[in-house]
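Rule-based calculations on the coordinates, nothing more; no lab input. Just so it is clear, the model here is predicted, and its values are computed rather than measured. Cβ atoms come from the backbone with ideal geometry, glycine included; neighbour counts cover every protein chain shown.
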Amino acid sequence: MAITFYYGSGSPYAWRVWFALEFKSPPYELKAISFSEGDHKKPEFLKLNPRHRVPLIVDGDFAIYESAAIVEYLDEQYSAGPKLIPGSARQRAVIRRLVREADAYVAKAMDPLLELILFTKREKWDPEAISAAYGKLGRELGKWESAFTGDYLAGELSAADFTLYPMLALCLRMDIRKPDLNVAGLIGPRLGAWMKRVEALPYFERTIPPHWKQK
Ligand SMILES: N[C@@H](CCC(=O)N[C@@H](CS)C(=O)NCC(=O)O)C(=O)O
């Protein structure tokens, strides 16, 4: 039976799971959740996730939400084939650490700027607040740039890449709305080359948030 994957277009957390599903390739079907229609607040969705958030997967009679937990579940339940968290105990610890760092620190640095740019009307933009939030995001991304060594965040492709990439791609969307913001300028050469590597993955195109493709 196919896994049902509930996603919201543009959600970096849902995108992480989409990458993981493509990477592990169990049969799955997509179920788009429309925030504007309030799908995530409907009783049938709240029964599956009382926190009214995507992503969420339903695998047979098992439902699980929280993107990092979903990724680990997929890796263990569909254990044949490539691993999302590969390697020795130490390598796996580093991957989990990177996932935690992205969730804890990148998201924390990214969210205020997203709120100020994407979720605030243009006429209410606050240049000082934007500049402070931009500086914080830059300092966080600088840490990733200087820690980067191999082709992928943990050496080989892993859940860590699938966690960070969607966050950076979402941050870059802010340059479309406010071209003089220049989030692209915060992404150093190593992170930039890594993003291109992720974009060259054979299933990358299939995972791009559908509404981004329309613009
Ligand atoms: N920690 C959660 C975050 C998920 C999340 O924040 N999803 C957002 C979309 S990016 C959402 O569904 N928001 C709807 C809401 O909060 O009502 C995860 O990793 O899955």
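A few notes on this one:
- Förster-model FRET efficiency, 41 Å R0, Asp180 and Lys41, C-beta, rounded to 0.05: 0.70
- Applying the criteria of a DSSP loop state and at most 12 other Cβ atoms within 10 Å to the chymotrypsin sites (Phe, Trp or Tyr not before Pro) of segment 36-139 yields Phe119.
- Note, ³J(HN,Hα) from phi for segment 101-108, Karplus 6.51, -1.76, 1.60, rounded to Hz, x at Gly and Pro: 5, 5, 5, 7, 9, 5, 4, 5
- Working note: 222 nm ellipticity from helices only, DSSP H runs with n ≥ 4, each -39,500 (n - 2.57), summed and divided by the residues of the chain, gives -16000 deg cm²/dmol to the nearest 500.
- Separation of the alpha carbons by more than 31 angstrom is noted, of Lys42/Lys136; Lys31/Lys196; Lys47/Lys136; Lys136/Lys213; Lys143/Lys196; Lys24/Lys108, for Lys42/Lys136; Lys47/Lys136.
- Remark: segment 51-67, residue by residue, has Karplus-estimated 3J(HN,Hα) of 8, 6, 10, 10, x, 8, 10, 10, 10, x, 9, 10, 10, 9, 10, 5, 4 Hz, where x stands for each Gly or Pro and the curve is 6.51 cos²θ - 1.76 cosθ + 1.60 at θ = phi - 60°.
- Principal axis dimensions, largest first and in whole angstrom, of the chain by Cα: 50, 43, 28
- Under 18 Å of direct C-alpha separation, and excluding same-chain neighbours fewer than eight residues apart, Lys83 reaches these aspartates and glutamates: Glu22, Glu72, Asp75, Asp151, Glu156, Asp161.
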